[in-house]
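Working notes, beginning with the structure itself.
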Amino acid sequence: MNQIKAAAIYYVKRNIKLKDFIKRVLIVLQFPIVLIAFVYSKFSTKNRNLWLIGETGTDAKDNGSAFYSYLIDNHPEINTMYYISGETAAAARIHRMGKSVVTNSFQHKVAFMSAKYILSTHDGYSIPFVGANWHDFKAVYGWLTPRLQFVFLSHGVSKDDESGNANYQRTRFDYFVTSTEDEYQEFSSSRYGYPSGNVIKTGLSRYDVLLANSDGITQKRNIVFMPTWRYYLADVDDEEFTKSRYFKQIYSLLHDSDLNNLISDNQVEFYFFPPHHEIQKRMKLFDLDETKVVPIDTEASVFSDVVLASSMMITDFSSVIFDFAFLYKRTAYFQFDLEEYRRGQYKQGYFQYARDGFGPICTTKDALISEVQNAVSDDFKIEKKYAKRIDHTFAWRDGKNCERLFNILVK
């Protein structure tokens, strides 16, 4: 029964037309609260020409936070506000920096209706109405806020084929931030359908933070393992999850005696830092107490600090590897389920790992452990062929990504 339920939920999530229909119904039903927020916004002078910025609604450690900091420090003339909720260190830091609003509160709704720009790393979290994303809100209530524009700050470099889900007909993004020439060309192509000028190449805002702090944090003999999530496992229970190939492969690696001995013998710190909340909430299932592997909680850590302090990153398909590559750090891929991943998640895009990747591709844990040993023996120096690929990939390394984005928006 649980498998049937999980399959049904997964079908709805992956069926774009059905999912869009459900979201559209939800946003229509919220007309009274949308209208009230709109009326209030007309009397809210403090929110005029507002730039409303955020991420997932509960955090401040990505491009939203980086660009917000840039505006606070460099352009106090811009009416800036950040949406965030929770009693966290991240929220406290935002509150100290400048204006903020509690995510999904009525004040958030009023600020949203008053804004000139919505700038976010994610689509849905920034829209303070249940179940809505920018496309749905624009389609139903665009007549109320005809001048409001959405700036998709991105939360990583898009490298897979996302034409079915991230095309203009589905997103309606007014600005889509890209970082590399290949990424810019991909999303500017006719397959995605964005009007001329909507796709912009500025670089990710958080890269400015990485570059500015790259000399201020001592790099340690730390290795970070950051596997991405599998959407097709999101709605299975813990029992089914532990039966998956995904879990078994990662569990086997983390508990491997050769890896743990390597960590201990070489005085290396090995961190398990899955970036997605779906893995984070199942961390206990990996039972790491008897290993040398240290789990990291994404809510209690700052990603940029981990990147700056570490010498190597391992992932399967996560785009966070671009952050490590940007800083010329050693990387490796652990791709034990490529065919399954392509079938259930993302199709092959312009980025080909064998040709464009920033490190070797390992399909077995033994091959990966061997590569970790090589990296330790080489003192984590990056190989020349991967350094050349990095040089080819990034358009800029000048600390002016935020400035480029700002200049486009003020024009």
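A few comments on the model shown:
- Interchain or long-range residues, amide H under 5 Å from residue 318's placed H: 228
- The magnitude of the dipole of the chain, with charges of +1 and -1 set on the Cβ of Lys/Arg and Asp/Glu and taken from the Cα centre, is near 1720 debye.
- Dipole-positive endmost among 315, 244, 298 within region 216-317 (Cβ charges, Cα centre): 315
- Label point distance in nm, residue 31-residue 165, each placed 7 Å from Cα along Cα→Cβ: 3.2 nm
- Once both labels are positioned 7 Å from their Cα atoms along Cα-to-Cβ, the gap between residue 278 and residue 377 label points is 3.8 nm.
- Remark: 143, 396, 229 ranked as 143, 396, 229, counting other beta-carbon atoms within 10 Å and listing the fewest first.
- With K and R counted +1 and D and E -1, the other residues having a Cβ less than 12 Å from that of residue 258 yield a net charge of -1.
- Using θ = phi - 60° and Karplus 6.51 cos²θ - 1.76 cosθ + 1.60, couplings along region 93-110 (whole Hz; Gly, Pro as x): 5, 5, 4, 6, 6, x, 6, 8, 9, 6, 4, 6, 6, 5, 5, 5, 5, 5
- Structural descriptor for the chain: relative contact order 15 percent, calculated from alpha carbon pairs under 8 angstrom and at least 6 residues apart.
- Length gained on full extension, residue 44 to residue 214: 57.1 nm, using 0.36 nm per residue less the C-alpha separation.
- Under 5 Å, built H, 5+ apart or other chain: amide partners of residue 331: 313
- Computed FRET value (nearest 0.05) for residue 392 with residue 106, which takes r as the C-beta separation and R₀ as 30 Å: 0.05
- Members of 365/385; 201/347; 19/411; 243/284; 329/411 lying beyond 27 Å, as alpha-carbon distances in this model show: 19/411; 329/411
- The trypsin sites (Lys or Arg not before Pro) of region 125-196 meeting both criteria, a DSSP state outside H, G, I, E and B (loop) and at most 13 other C-beta atoms within 10 angstrom of the site's C-beta, are 147, 191.
- Angle in degrees between helix 365-377 and the longest Cα principal axis of the chain, rounded to the nearest 10: 80 degrees
- Gyration tensor (alpha-carbon) shape descriptor, region 146-262, a/c threshold 1.5: oblate
- Distance (nanometres) between label positions extended 7 Å along Cα→Cβ at residue 366 and residue 181: 4.2 nm
- Residue 101 long-range amide H proximity, modeled H, under 5 Å: 82, 83, 84
- Exposure proxy shown here: for 318, 310, 189, 126, the number of other Cβ atoms within 10 Å sets the order, fewest to most, as 189, 318, 310, 126.
- Where GluC sites (Glu not before Pro) in DSSP loops with at most 16 other Cβ within 10 Å are excluded, longest remaining stretch of the chain: 88-289
- Helix-derived mean residue ellipticity, 222 nm - over the chain, DSSP H n ≥ 4, -39500 (n - 2.57), to 500: -12500 deg cm²/dmol
Rule-based calculations on the coordinates, nothing more; no lab input. Note that the coordinates shown come from a computational prediction; the quantities given were computed from them, not determined experimentally. Virtual Cβ from ideal backbone geometry, glycine too; neighbours counted across all protein chains shown.
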